[in-house]
Amino acid sequence: MKQESKIISYTYIDAERNIVVINGEKVFETENLDIKDFLTKVYKTLCDSYPKFYKMDIHCKLGYLLSELLLESSGNRQKGIEDRAIAVVNSSSSLCSDIKHQASIEDNGNYFPSPANFVYTLSNIVTGEIAIRNKYYGETISYIHSSYDSKYLKEIFDLSMVDECNNSILLSWIESIDTTAEGIMFLISKEEGKEGVNVSEKELDNIWQKLKNNK
Amino acid sequence: MEKLINDLKEQIIEALSLEDYSVEEINADEPLFGEGLGLDSIDALELIVLLEKNYGIKLNDPEKGKEIFKSIRVLAEYINANRAF
């Protein structure tokens, strides 16, 4: 009998609404913090020390926090996993850092591009940050898509699992621009004996709709 | 010199996003790279930009960086001797 792949765990952060949800349960909430301050508060309150966090742009901070909380909550903290992929989907790519970079180079008389900002002007950097932190050696990939789309996410999952080197994946939608920073990350595994919900387009949609409607 | 060292500490904290550090916690004689603040290669580039932006010093020889980025005190001495403004 074919083993169904399972959603082992998921995390959700909406920095605009100042909430963190793990597996459907709101685990952290503040009020009236802007996006940057909220993400820093989550880091300081819920995560282990990792000074590089402060150097990341908003997009990477969001992805990093999603992965940290996901791995801690699911008991999947072990490092050096060679068969785990990371796939991230978003709409605005690295626009937050792109805009900052543009501002630093548009005046010829005040031309001081920041190397530390420039390194974040690619949307796939977040996958590298997570892979480096956890010493993952599997596939990492970043997609641009107009909005959260459970069908699209399921297709990405299916494609990733075609490669027999991959047995699990951190699959994520992470969107950040201006006053918005919202993301969800799933840990999905095809290994036998794992507990969780069977992964399907419908389930990926149900989880998202519940999070969006839970004001 | 002490004022320049303090200014540098503040500028480095800001430019390198060292939010875990305060001016008081940074030892001016500790190595900037490897140990001490544990800076990396991107930080080195950021320090080169800081030198040009804040002090008008253009560092064209990367080898020079190894010498002047030894510590904040060494960096301050170099700025004092070479600053354009």
Multiply the residue separation of B:Glu25 and B:Ser41 by 0.36 nm, subtract the distance between their alpha-carbon atoms, and state the gained length in nm to one decimal.
3.5 nm
Once you place label points 7 Å from the Cα toward the Cβ at A:Asn214 and A:Arg133, how far apart are they in nm?
2.1 nm
Between the modelled labels at A:Asp48 and A:Glu106 (7 Å from Cα along Cα→Cβ) the distance in nm is 4.2 nm
Just to confirm a number: summing +1 for Lys and Arg and -1 for Asp and Glu over residues other than B:Glu46 whose beta-carbon lies under 13 angstrom from that of B:Glu46, what do you get?
-2
Summed buried accessible area for B+A [probe radius 1.4 Å, Å², rounded to 100]:
1100 Å²
Ignoring the sites themselves, what is the longest stretch of chain B with no GluC sites (Glu not before Pro) in a DSSP loop and at most 16 other beta-carbon atoms within 10 Å?
B:36-85
Apply the Karplus parameterisation 6.51 cos²θ - 1.76 cosθ + 1.60, with θ equal to phi minus 60°, to every residue of segment B:71-85 and state each ³J(HN,Hα) to the nearest whole Hz, in sequence, with x for glycine and proline.
7, 5, 5, 4, 4, 5, 5, 5, 5, 4, 7, 10, 5, 8, 8
Residue separation times 0.36 nm, minus the C-alpha to C-alpha distance between A:Glu195 and A:Cys165: what's the value?
8.7 nm
Would you mind pulling out the separation of the Cα centroids of segment B:32-59 and segment A:154-215, in Å?
40 Å
Based on the mean of other beta carbon atoms within 10 Å per residue, what is the order of A:176-185, A:143-152, A:110-119, most packed first?
A:176-185, A:110-119, A:143-152
Long-range amide H partners of A:Ile86, meaning residues 5 or more apart or on another chain whose placed amide H is closer than 5 Å, are A:Glu139, A:Thr140, A:Ile141, A:Leu170
Which lysines, if any, have their Cα less than 23 Å from the Cα of B:Lys70, not counting same-chain residues under 8 positions apart?
A:Lys52, A:Lys55, B:Lys3, B:Lys9, B:Lys53, B:Lys58
Zone reached by a paramagnetic label modelled 7 Å from B:Val74 Cα along Cα→Cβ, restricted to segment B:5-41 with backbone N below 17 Å, covers B:5, B:9, B:27-41
For A:Glu191, the net charge from surrounding residues (Cβ-Cβ under 12 Å; K, R +1; D, E -1) works out to 0
When ligands, DNA and RNA are left out and all protein chains stay put, how many square angstrom of accessible area per residue does segment B:16-55 have with a 1.4 Å probe?
50 Å²
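The values are calculated or read from the model by the stated rules, or taken from the named source; none is laboratory data. Just so it is clear, the model here is predicted, and its values are computed rather than measured. Neighbour counts run over all protein chains shown; Cβ positions are idealised from the backbone, glycine included. Please note that ligands, DNA and RNA were not included when accessible areas were found on the heavy atoms of the full protein model with its side chains. Shrake-Rupley method; radii C 1.70, N 1.55, O 1.52, S 1.80 Å.
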